[in-house]
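Please read the structure below before turning to the comments.
The values are calculated or read from the model by the stated rules, or taken from the named source; none is laboratory data. Note that the coordinates shown come from a computational prediction; the quantities given were computed from them, not determined experimentally. With ideal geometry, Cβ positions are generated from the backbone for all residues, glycine too; neighbour counts draw on all protein chains shown. We work out accessible area using only protein heavy atoms, side chains counted, and drop any ligands, DNA or RNA first. Shrake-Rupley method; radii C 1.70, N 1.55, O 1.52, S 1.80 Å.
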Amino acid sequence: MVQHLFRVNLRTMNSVKKSKQSLATNKSKIKKNRTQIPQITEAMKVDNNINSITEKLEVNGKAGRKANDDEILDMEEMSSSTYAKTRLRTKKKSDELEKGGKVHNNPSVIDLKQLDEEPEKVINSKKPKGINELTGASSSKKIKKETDEVNWEPKDWREILENIRLMRLKDNAPVDTMGCHKCADENADEKTQRFHKLVALMLSSQTKDETTYHAMLRLKEQTLIPETIVNMKLNTLENMLHPVSFYKNKAKYLQQTSKILVENYGSDIPNNIKELVALPGVGPKMAHICMSTAWQQVTGIGVDVHVHRICNRLNWVPKATKEPEQTRLALEAWLPQQLWGEVNHLLVGFGQTVCTPAKPKCENCLNNNICPSAPKSAKNINKNENNEINPQLAELLNKAEFKKSKTILKNC
């Protein structure tokens, strides 16, 4: 019994001793943990700081890259990216609306329905200010300029043209009796006549009609066909053309052109502008007049020195031109096409008789009151103090009207 009690006490004492030792061990561990807690806290703070700094760097890097991208992206890419972001924001807002949420009063938030119906307005709303205005202004100015150019026409041109017709009815000009269309042999076949008209046009450049006409008479004495010109000696041809201006060059061009016609066109002439201009010594003026006189096709206005000079004097071109080809393009831009066929013949004769290169006869011109180039001394010369028409001018008008009425009666 006593031994049993002693054993129980001994076991109890051992258990108490072990519990004390465990308590001591736990206390020592707690002390150690207490010393480590501040170190762990500091380490956590450092980690947090590092993470925050890293996040900031990443945000800044993204912002920097975004700024660079914004500078590199063109307007179309900026608009499309802005449009996509706006749609994402509005999808969230539409979900809120479906759940009964409140709509923000943020002007940057656009209704999804509005986006679907009017996407172009959304894109344009995000473009930089002033782009649309500048683009619209420049395009409207361009359209206005093109419209003005198309609708431009000289002042009083119809009255001026009618007066020129009346003046041309009075007397014949050299072009009426010795022009290129009068140089062809009327007894020859049509193919030969076409060749004669082309040769006369090639010789007429910077040459008076009288000189060209007499040179053509000398050529026709030798049976003027392309084969004859090809087989003729060059110096002989030059002597026959003299005193035509630049007769040596024209003789050379005439032989080259005749050879091409024999080889490629069966001794006939081309029937289109492109191939006519390709011939040696043939320019746009000659080609258009040749198409009109030889093939009876109006393809353009033949502008020589007379037409070039008169159009600039009458301001029939939007701005002064230096070359006849420039005048042709400007004249064809506004003159009705049904008048192209007669304007060359009218103005050439008018330039030979009234509106001459030197000392134009403005006092005898019916347009001296409306012509922008007429001197002040010539204006109102056709009317006296009582505002009555000059008798000389009245006689001219009566004669012109009589010829005009006579022509109308013939056509009826």
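Of note:
- Candidates in region 124-174 are the residues that are among the β-branched types (Val, Ile, Thr), open to solvent by less than 90 Å² (accessible area, probe 1.4 Å) and modelled with pLDDT under 95; of these, the one that is nearest to Asn364 (Cα to Cα) is Thr147.
- Out of Val277, Val262, Val298, sole residue that is closer than 15 Å to Leu201 by Cβ and open to solvent by 30 Å² or more (accessible area, probe 1.4 Å): Val277
- Selection from region 180-209 of residues that are open to solvent by less than 70 Å² (accessible area, probe 1.4 Å) and farther than 21 Å from Pro270 by Cα: Thr207, Asp209
- When restricted to residues that are open to solvent by 30 Å² or more (accessible area, probe 1.4 Å) and in contact with a helix residue (DSSP H, G or I) (Cβ under 6 Å, 6 or more places away or on another chain), region 305-317 contains 2.
- Meets criteria (more than 39 Å from the chain's Cα centre (by Cα), β-branched (Val, Ile, Thr), open to solvent by 20 Å² or more (accessible area, probe 1.4 Å) and closer than 20 Å to Val348 by Cα) for Thr177: yes
- Every residue from region 171-212 that is among the small types (Gly, Ala, Ser) and in a helix (DSSP H, G or I): Ala200, Ser204
- Residue that is surrounded by the most Cβ atoms within 10 Å (Cβ to Cβ) [pool: residues in region 335-354 that are over 21 Å from Cys180 (Cα atoms) and touching a residue at least 24 places away in the same chain (Cβ under 8 Å)]: Leu335
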